[in-house]
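Down below is the structure, laid out as C-alpha cells.
The values are calculated or read from the model by the stated rules, or taken from the named source; none is laboratory data. The model shown is predicted, which means the values in this text are computed figures rather than measured ones. Note that each Cβ is placed from the backbone with ideal geometry, even for glycine, and that neighbours are counted across all protein chains shown.
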There are 2 protein chains.
Amino acid sequence: MKATDWDGFFADARTLDLEDYILLDYFLECAGDPRLAAAHFCAEQSTAQWRRVGHDEDLRPRFGARVLDLEVIASDLPAFSYGVEAQTPGPISACRLRIAHPHGNFGARIPNLLSAVCGEGVFFAPNAPIVKLLDIHFPERWLAHFQGPRFGVAGLRERLQVYDRPIFFGVIKPNLGLPPEAFSELGYEAWLGGLDIAKDDEMLADVDWCPLERRAALLGAARRRAEAETGRPKIYLANITDEVANLADLHDRAVAQGANALLVNAMPTGLSAVRQLRAHTQVPLMAHFPMIAPFSRLERFGIHSRVFTKLQRLAGFDVIIMPGFGARMFTSDQEVRENVEACLAPMGHLKPSLPVPGGSDWAGTLERVHQRLGTVDFGFVPGRGVFGHPMGPRAGATSICQAWEVIANARSVQAEAEHCPELRAAIEAFGPLPGAGA
Amino acid sequence: MKATDWDGFFADARTLDLEDYILLDYFLECAGDPRLAAAHFCAEQSTAQWRRVGHDEDLRPRFGARVLDLEVIASDLPAFSYGVEAQTPGPISACRLRIAHPHGNFGARIPNLLSAVCGEGVFFAPNAPIVKLLDIHFPERWLAHFQGPRFGVAGLRERLQVYDRPIFFGVIKPNLGLPPEAFSELGYEAWLGGLDIAKDDEMLADVDWCPLERRAALLGAARRRAEAETGRPKIYLANITDEVANLADLHDRAVAQGANALLVNAMPTGLSAVRQLRAHTQVPLMAHFPMIAPFSRLERFGIHSRVFTKLQRLAGFDVIIMPGFGARMFTSDQEVRENVEACLAPMGHLKPSLPVPGGSDWAGTLERVHQRLGTVDFGFVPGRGVFGHPMGPRAGATSICQAWEVIANARSVQAEAEHCPELRAAIEAFGPLPGAGA
C-alpha cells in the first residue's frame, strides 16, 4: 500500500453517521509504521483492493473500514508476544485501535459479521500476527434486525415467580451415564430442596442410554410433582445441543414432554443456528460456554469473552452461563464483571440476558458471587455442590437456599451454619468458606 | 480426586475396543502431579462425578475418557506459558497426552463432539490452564455416520476435466463494493484467461448492492459464455455464507441461476450447519478459514488447525481453503503440509477434500507451492495476482497458466517469462520470484 493510500482508511468519527458502523476495539502488535499497519488492518477486513485495474474509482469511502483512534501503547518491542515469529520489516509496536466497520458490507447476519470482524482479514493482516478483538459495539440501526432474548431476565423471573434473589440452578450429576429414571430422581430431589432450575450437563446429548424425549418426559413429570409439592414454579433445562438439522425437532419433542427451558452450547452449535432456534422457541434458551476460552484466555491474542457474551445475547439467549469467580476458572474478576455487564447493560431494544457465572460453586461461594456482582440479577449454578452433597441433592439444594437466607439477612454464613445441618454439611464437605477476597 | 480414583481414568489401549473411541492428542501444562492432572483432565471431559451419593456404582469403565499415554516433556517450569496466571499447588510440568474418549457419550454429532473434546472440561480442568488439542483420530465406526465430501478431489476434477495439474482459483477483486454487472465482467475475463474457478471473496454476502441471485445469474451466464469460448468447463464459486436459516434457499437460488459451487465460511456459519447443507447440496461445497487462526496460531494453546481441517472434511467440504506458504500467512511449512495431509490422507470411507493453501499468491509463487507439496492435488488461489494484474484479469489468469506450463516442463520461470508478456508483467508487478526456499 502506498503512503498516499493510507488516509482512505482513517476517519474522524464526527464525519461519519455512526449508525452505519459497528465499532470495534482491537489490540494489535505490528511491525513497521503503526499507521500503515492500521490501514492494512482496515483494508484486509473490508475492501482489500478498492479499484479495478484501469478504472478511476475508489470504493473506500462507502466500503472501507476506518481507523477512528490509534493509540501506540509500546514501541520498539523486542519481539511479538507469545513466541509468534513473523517477518519484521521495522520495529514492533503494540497498539489499541478503534475501527468503524460499515455494516452495509454484510448486513444483519452473524456469520458474515464474524467473517469480517474476526476473520481472515483481521488475523492475517500484513505484519500484524498478534491481534485481540477486545470489544464490539452495535448501533441500533443494525440491532433492529435482531430479536434478542424472547423472555430476558424479567420474563424468566416471571416464569419462576422469583424477583428478589439470584436464580438457583443445579447441574444434575453424575452428568453422564445415568438412565433417565435415575437422572430424573436427582432433579426431583433438588427441586424439592429449593432449586429453581435443574439442568442437564452441557455434555449430555440425545443418546441411546438417556434419550432426550424419555428424559424430558420423566423430568417433566418430576418437575410438575415438585411444583405441586412446593407450590413454586420449577424449570427443567434440557440440553438439546445437537446437529443443527435436529434442533427444531428436539425443541418440539423436549417441550412437548415437559422441558420448559432449553440449553444449547452456543459456539459448538453455531450462533446463527441459535438465532434460527430463537425464532422458533416457545421456552427460554440458555447458553453454555464451550469453545470460548480458547479464544479469550490470553490477554493479547484472540477474542475477548465479552464479545461472545454480546453475540449470545444478540442470537437470543435468555440466560448465558459463563466462567465465574475463583482461581479454578482462570478468569479475572474484572472479566467476569465485564461479561455480566454485557448481559445486563442497555443494548438497543434487546432484553437483558441473565448472567450465570459458574465454576465449582457450592453454598459457601454464593456470598462471594453476590458481593462481587452487587446485584441479585444472576444465576448460581453448582453441580457437585448440590448433587455431590453428602446428604444428597435435596440437602444440597437446601444448603444453597440456607446460604442465601443468611446472606439476605446480612448474617454470617459460618455462624448461621450451626443451625442449618445441610449448610454445615456442605461446609464440611466442600469448605472452607472462601474469604470475601479469595 | 483421591489418589485411588486416578486409575479409573487410565487404560492400556490393548484392553479397549478402539472402534468405540475417538483418540485425542493434547499438549498440557499443569501444576502438581501430572498423573493427577491427566486424570482430572479426563474426568472433566467425560464423567466428572461418576457415582451418585449413597450408591455403589462406577460409571467410568463405560463413560470415562482415559489416558492411553502420558509423556512429561518438561518439569519444574518457572511459570505457565503465555503469562497465564493460575493457582499452582505444586511444580509446573508440560505434558503430551493421548486420550481415548468414548464416542458413545455423545454420538455422531459435531456440536457434541466439540463440546466434549475442546469444550469446558478441556479448558477448565483443575490446575491446567494451558491446553492445546493437537490432533484427533476418528474410528470408522463413528465416521460411518457421516457423508463427508460429495464430490471430493476426483469428482471436482471430473467436473472441470482437469486431471494432471493444480486447480486454478481466483478471488474476484475488488472483493467488496462492485455491482453484479462489473463483478461478473471480471470473472468472465479471468475464465477466458485460463482460470478454472472464479470465486466470491469470503466477505461477500447476499447484500443489496450485489444481491446473490443477480450475481449468480450474471456470473452463470458469463461462465457459460466462457465455457463455450474456451471449450473447457468452468466454475463460479458463489459465497452463500449467511444465517443458517437461509443456507438451503440460497443454495437453491444460486444454483438455479448458474453458480456451480458454493462457498461457506465454516466456523462463522458452524460446522453442523455445513453438514446439514451437505445433505442438500447439488454442487461442490468449498470452505474458507475465518476464525481458525485465533484457535491455532500459538504453539501451546488452543486447537491445532489440522483438527479443523479434519472437521471440515467430516462436515462435507469438497474443497478446503487454508492458510498457505509464505511469511505473510504466519503458518509454518510443516503446518501447511499437515493440513494438506489431513485433506488427502485416508479417513475411513470419506472422500478426500481438495486442499487450497492460499495467501498473497501470484504466478511467481506457484512453483514454491507445488514443490513444497509434491503433488498436483491442490488448488491455487490468487486474488490480486489475477485481478490486480497490470494488464487486467484475463492476463492475470494467463500468467498463472504460463507459470504452470513452465513448471510442468521443468523449465525456469524467470527465463521463460521473457517469452510470456503476461508472466513477465506479473513478475514486474508482484515480484521478485520467491526462491524455492523462501
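Per-structure values
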| quantity | calculated |
| --- | --- |
| Counted residues, the stretch A:359-382 - those being under 30 Å from B:H55 (Cα atoms), at pLDDT 95 or above and not polar (S, T, N, Q) | 9 |
| Scope the stretch A:270-299; condition under 27 Å from A:R157 (Cα atoms), under 11 Å from the mean Cα position of the chain (by Cα) and among the small types (G, A, S); matching residues | A:A287 |
| Tally, over the stretch B:243-257, of residues that are of a type in the set (G, A, S), away from chain A (no Cβ under 12 Å) and within 23 Å of the chain's Cα centre (by Cα) | 0 |
| Complete set of residues in the stretch B:55-82 that are facing chain A (nearest Cβ under 9 Å) and either within 29 Å of the chain's Cα centre (by Cα) or basic (K, R) (or both) | B:R60, B:R62, B:S81, B:Y82 |
| Top-ranked residue in the stretch B:1-48 [being polar (S, T, N, Q) and surrounded by fewer than 20 Cβ atoms within 10 Å (Cβ to Cβ); ranked as nearest to the chain's Cα centre (by Cα)] | B:T15 |
| Residues of the stretch B:289-329 that turn out to be modelled with pLDDT of 95 or more and facing chain A (nearest Cβ under 8 Å), as a count | 13 |
| Condition check for B:F301: touching a residue at least 24 places away in the same chain (Cβ under 8 Å), within 18 Å of B:I136 (Cβ to Cβ) and in contact with a Lys or Arg (Cβ under 8 Å, 6 or more places away or on another chain) | yes |
| Residues of the stretch B:184-197 classified as under 14 Å from B:P174 (Cβ atoms) and not acidic (D, E), total | 4 |
| Among residues of the stretch B:196-231, those that are buried (at least 24 other Cβ atoms within 10 Å of the Cβ) and in a loop (DSSP other than H, G, I, E, B), counted | 7 |
| Selected residue (only one of B:N260, B:N265 is of a type outside the set (K, R), away from chain A (no Cβ under 14 Å) and surrounded by 21 or more Cβ atoms within 10 Å (Cβ to Cβ)) | B:N260 |
| Residue tally, condition within 11 Å of another protein chain (Cβ to nearest Cβ) and in contact with a strand residue (DSSP E or B) (Cβ under 7 Å, 6 or more places away or on another chain), over the stretch B:130-149 | 4 |
| Residue count for the stretch B:167-181, restricted to those that are within 8 Å of chain A (Cβ to nearest Cβ) and within 23 Å of the chain's Cα centre (by Cα) | 2 |
| Residue match in the stretch A:200-208 (condition: closer than 22 Å to A:S399 by Cβ and modelled with pLDDT of 95 or more) | yes |
| All positions within the stretch A:370-400 that are of a type outside the set (S, T, N, Q), touching an Asp or Glu at 6+ places or on another chain (Cβ under 7 Å) and away from every other protein chain (no Cβ under 13 Å) | A:R372, A:V376, A:F380 |
| Residues being assigned to a loop (DSSP other than H, G, I, E, B) and either among the polar types (S, T, N, Q) or out of contact with any strand residue (DSSP E or B) (no Cβ under 8 Å at 6 or more places or on another chain) (or both) - total across the stretch A:11-29 | 1 |
| Qualifying positions in the stretch B:200-214 - under 19 Å from B:A256 (Cβ atoms), of a type outside the set (A, V, I, L, M, F, W, C) and within 14 Å of chain A (Cβ to nearest Cβ) | B:D200, B:D206, B:P211 |
| Candidate set: the stretch A:278-288, residues that are among the hydrophobic types (A, V, I, L, M, F, W, C) and crowded, with 24+ Cβ neighbours inside 10 Å; chosen: the one nearest to the other protein chains (Cβ to nearest Cβ) | A:A287 |
| Residues within the stretch B:182-208 that are closer than 15 Å to B:I235 by Cβ and within 23 Å of the chain's Cα centre (by Cα), tallied | 6 |
| First in the stretch A:400-414 and farther than 9 Å from A:E367 by Cα, second anywhere and surrounded by 21 or more Cβ atoms within 10 Å (Cβ to Cβ) and of a type outside the set (A, V, I, L, M, F, W, C), Cβ under 7 Å, 6 or more apart | A:I400/A:G194; A:I400/A:P382; A:C401/A:G194; A:Q402/A:E422 |
| Hits in the stretch B:235-257 (condition: under 18 Å from B:L186 (Cβ atoms) and surrounded by fewer than 23 Cβ atoms within 10 Å (Cβ to Cβ)) | B:Q257 |
| Cβ pairs under 6 Å, 6+ apart, first in the stretch B:82-100 and touching a residue at least 12 places away in the same chain (Cβ under 8 Å) and of a type in the set (A, V, I, L, M), second assigned to a strand (DSSP E or B) and loosely packed, with under 15 Cβ neighbours inside 10 Å | B:A94/B:I73; B:A94/B:A74 |
| Which listed residue, of B:V386, B:V376, is in contact with a Pro (Cβ under 6 Å, 6 or more places away or on another chain), part of a loop (DSSP other than H, G, I, E, B) and not charged (D, E, K, R) | B:V376 |
| Residue identified as at positive phi and more than 14 Å from chain A (Cβ to nearest Cβ) among B:G107, B:G152 | B:G152 |
